[in-house]
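The values are calculated or read from the model by the stated rules, or taken from the named source; none is laboratory data. Remember, it's a predicted structure, so these values are computed and weren't measured experimentally. Quick reminder, even Gly has a Cβ in these numbers, built from the backbone with ideal geometry, and neighbours come from all protein chains shown. Heads up: the accessible areas ignore ligands, DNA and RNA and are worked out on the full protein's heavy atoms, side chains in. Shrake-Rupley method; radii C 1.70, N 1.55, O 1.52, S 1.80 Å.
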Amino acid sequence: MTTIKAQDLIETIAGAIQFISYYHPTDYIAHLARAYEREQSPAAKDAIAQILTNSRMSAEGHRPICQDTGIVNVFLKVGMCVRFEGIDDLEATINEGVRRGYLHPDNTLRASVVADPHFARKNTKDNTPAVINVQLVSGDKLDITVAAKGGGSENKTKFVMLNPSDSLVDWVVKTVPLMGAGWCPPGMLGIGIGGTAEKAMLLAKESLMEDIDMYELQAKASSGTTLTQTEELRLELFEKVNNLGIGAQGLGGLTTVLDVKIAMYPTHAASKPVAMIPNCAATRHAHLVMDGSGPVYLDAPSLDLWPNVNWTPDVKKSKRVDLNALTKAEVASWNPGDTLLLNGKMLTGRDAAHKRIQDMLAKGEKLPVDFTNRVIYYVGPVDPVRDEVVGPAGPTTATRMDKFTEMMLAETGLIAMIGKAERGPVAIEAIKKHKSAYLMGVGGAAYLVSKAIKGAKVLGFADLGMEAIYEFDLVDMPVTVAVDSSGTSAHITGPAEWQKRIASGEFKGIAVAAG
């Protein structure tokens, strides 16, 4: 009989959360490095370079890979010969580990979880509760998988009840483009097939905890070794999804996914439930096994496993922009794909701030900030530690602000916006109407971006925490013009171009080559 003590479990969970906040899984880094080497799209290659550079900086600095430090998922497999000591409530014990992991003073993580998800949506301040799945198995060990799932990728989850004869491949290839780029590709797809609706979702989520091994699978196929039907399906989906040309950050390129995982379970004869969940560029998970000997801590990976990619701003190819003197005429001069380096003072604001601004304008109340000729950054930064002015501060998904775009441009004097991923038709129409622009930062490069922020102060809505309105003082913050003043979107033109080029056979042997 193995005894697991409460304090040991708490320390194990807290340590794992800290570990995954700043260390990518090494299998992810290896596959992303290969994707970087073979990428032919300049925009996609630059985005991957930022992600790889950010990853190493986070590993060295022990600070979060992404400002969205996720909602915690804990998968427990409890051996039947395991007993707990000092644990009356297993979920409460795990959540105490989560609490300590997120409030660690040397690496404070962002609290993103809100209680009462439909009404008050009040932040719990410590990122609890976790989403916990417990399974009883044979043996005398406690098997633990801890993951921190970002909202951008989780929000792109898809589910369908297919007919038994329907094509899974057709559904996936049709559905992935509908996910947009808010899940920060390149990442991986987890697909659950079978069971019931909730079982398919669990299968998909659990499959994302597996090691990325697509290159090994490709090598196996190339060697002539007989593959299982599931392996053949993974390879087919990997190739067809990458042939869509979506690319890194949705800007067009050769690599959209690094791997496709598939898990299955028996289902009703009349059913074929399918769930698909993406993992983003901030793939964060760890596996641990407790045997009763005390808390378990993960060994730090060697920094030699990271490729020698050191992204720095390209001052020759990029245009420096003075935000303190920005005019609508200068905004109108930008073209899709232009890379800019932002300098000066910039405002921030995201979902909750936009909703409050909307309510205040409707009541005729004065806003706490003057947005005239200003740029807003959709971000919820991590709190600073030590000598930082702000913690990791990468962009959040811009489409969530689409419904507020017309209001902001028409009623506040705002002239440009920054976020990640594409904008929808409503936002693009407002941008075109007001001759504004949308600029895109790289999702998955939050720590790198934060180094461009030299000053930060809250100007409004302080009670919203990370969703307050900040003013950042910038030196060379990198962004790409994603939607120009004419309404042309790089997230539409880029993937369309690269899908066509891939289909022409121009990159045959490059896009999915093993090794």
Check: Only one residue in V385, V389 is touching a residue at least 24 places away in the same chain (Cβ under 8 Å), closer than 23 Å to A325 by Cβ and not in a helix (DSSP H, G or I). Which one?
Finding: V389
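Give region 136-170 a look and list any residue that's assigned to a strand (DSSP E or B) and closer than 18 Å to P25 by Cβ, or say none.
Of all residues in region 136-170, those assigned to a strand (DSSP E or B) come to 136-137, 142-149, 158-162.
Scanning region 136-170 gives D143, I144, T145, V146, A147, A148, K149.
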Check: Out of all the residues in region 166-199, which are touching a Pro at 6+ places or on another chain (Cβ under 8 Å), small (G, A, S) and over 21 Å from T283 (Cβ atoms)?
Finding: G194, G195, A197
Check: Residues of region 250-271 being open to solvent by less than 10 Å² (accessible area, probe 1.4 Å) and part of a strand (DSSP E or B), which ones?
Finding: V257, L258, D259, V260, K261
Margin query: I'm trying to understand the selection: among the residues of region 373-393, which are buried (at least 19 other Cβ atoms within 10 Å of the Cβ) and among the basic types (K, R)?
Written below: R374
Next item on the list: Looking only at region 189-197, decide whether some residue is touching a residue at least 40 places away in the same chain (Cβ under 8 Å) and assigned to a helix (DSSP H, G or I).
Entry: yes
Next item on the list: Please determine, by comparing only the residues of region 330-345 that are over 20 Å from F371 (Cα atoms) and over 26 Å from the mean Cα position of the chain (by Cα), which one is least open to solvent (accessible area, probe 1.4 Å).
Entry: W334
Notebook entry, point to check: In region 346-359, how many residues are open to solvent by 30 Å² or more (accessible area, probe 1.4 Å) and either of a type in the set (A, V, I, L, M) or under 22 Å from G455 (Cα atoms) (or both)?
Noted result: 1
Next item on the list: Pull up region 294-316, narrow it to residues that are open to solvent by 60 Å² or more (accessible area, probe 1.4 Å) and out of contact with any helix residue (DSSP H, G or I) (no Cβ under 9 Å at 6 or more places or on another chain), then point me to the one that is farthest from L342 (Cα to Cα).
Entry: D299
Item checked: Failed condition for T230, given (1) out of contact with any Gly (no Cβ under 9 Å at 6 or more places or on another chain); (2) in contact (Cβ under 8 Å) with a residue 60 or more places away in the chain; (3) under 26 Å from K508 (Cβ atoms) -> (2)
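If you check V289, V274, which single one turns out to be at pLDDT 95 or above, in a strand (DSSP E or B) and more than 24 Å from R234 (Cβ to Cβ)?
None of the others qualify; the one that does is V289.
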Check: Pairs under 8 Å by beta carbon, first residue over 13 Å from S450 (Cα atoms) in region 47-65, partner among the charged types (D, E, K, R) and open to solvent by 10 Å² or more (accessible area, probe 1.4 Å), six or more apart or different chains?
Finding: H62/D106
Check: Can you list the helices (runs of 4 or more DSSP H) found entirely within region 1-99 that contain at least 1 residues being within 30 Å of T493 (Cβ to Cβ) and out of contact with any helix residue (DSSP H, G or I) (no Cβ under 8 Å at 6 or more places or on another chain)?
Finding: 26-38, 42-61
Margin query: Give me the residue from region 292-337 that is among the basic types (K, R) and assigned to a loop (DSSP other than H, G, I, E, B) and, out of that set, farthest from I415 (Cα to Cα).
Written below: K316
Notebook entry, point to check: Just for region 208-249: of the residues that are on the phi > 0 side of the Ramachandran plot and open to solvent by less than 50 Å² (accessible area, probe 1.4 Å), which one is nearest to the chain's Cα centre (by Cα)?
Noted result: Q249
Next item on the list: Enumerate the pairs (first residue in region 292-309 and more than 28 Å from N54 (Cβ to Cβ); second residue anywhere and of a type in the set (G, A, S) and at pLDDT 95 or above) with beta-carbon separation below 8 Å, excluding pairs fewer than 6 apart on the same chain, so at least 6 apart or on different chains.
Entry: P295/G15
Checklist line | Unique residue being open to solvent by less than 10 Å² (accessible area, probe 1.4 Å) and within 19 Å of V260 (Cα to Cα) when the list is Y36, Y28 | finding: Y28
Check: Is at least one residue of region 60-77 in contact with a Leu (Cβ under 8 Å, 6 or more places away or on another chain) and more than 23 Å from D106 (Cα to Cα)?
Finding: yes
Item checked: Subset of region 474-487 (residues that are surrounded by fewer than 18 Cβ atoms within 10 Å (Cβ to Cβ) and in contact (Cβ under 8 Å) with a residue 60 or more places away in the chain) -> V475, D476
Note to self: Let me spell it out: the conditions are (1) open to solvent by 20 Å² or more (accessible area, probe 1.4 Å); (2) in contact with a Pro (Cβ under 9 Å, 6 or more places away or on another chain), and A490 meets all of them except one. Which number is the exception?
What the structure shows: (1)
Notebook entry, point to check: In region 399-422, how many residues are touching a residue at least 60 places away in the same chain (Cβ under 8 Å) and open to solvent by less than 10 Å² (accessible area, probe 1.4 Å)?
Noted result: 4
Notebook entry, point to check: Are any residues in region 391-408 aliphatic (A, V, I, L, M) and under 14 Å from E467 (Cβ atoms), and if so, which ones?
Noted result: A393, M401
Checklist line | Leading residue by the ranking (nearest to T397 (Cα to Cα)) among those in region 144-156 that are open to solvent by less than 40 Å² (accessible area, probe 1.4 Å) and of a type outside the set (A, V, I, L, M) | finding: G152
Item checked: Sole exception among (1) touching a Lys or Arg at 6+ places or on another chain (Cβ under 7 Å); (2) buried (at least 17 other Cβ atoms within 10 Å of the Cβ); (3) over 19 Å from W311 (Cα atoms) for K435, by number -> (2)
Item checked: Qualifying residues in region 83-102 (those that are of a type in the set (A, V, I, L, M, F, W, C) and open to solvent by less than 20 Å² (accessible area, probe 1.4 Å)) - the one farthest from Q135 (Cα to Cα) -> V98
Check: Give me the pairs: first residue in region 360-372 and loosely packed, with under 14 Cβ neighbours inside 10 Å, second residue not in a loop (DSSP other than H, G, I, E, B), beta-carbon distance under 9 Å, and six or more apart or on different chains, which are they?
Finding: E365/D359; K366/M360
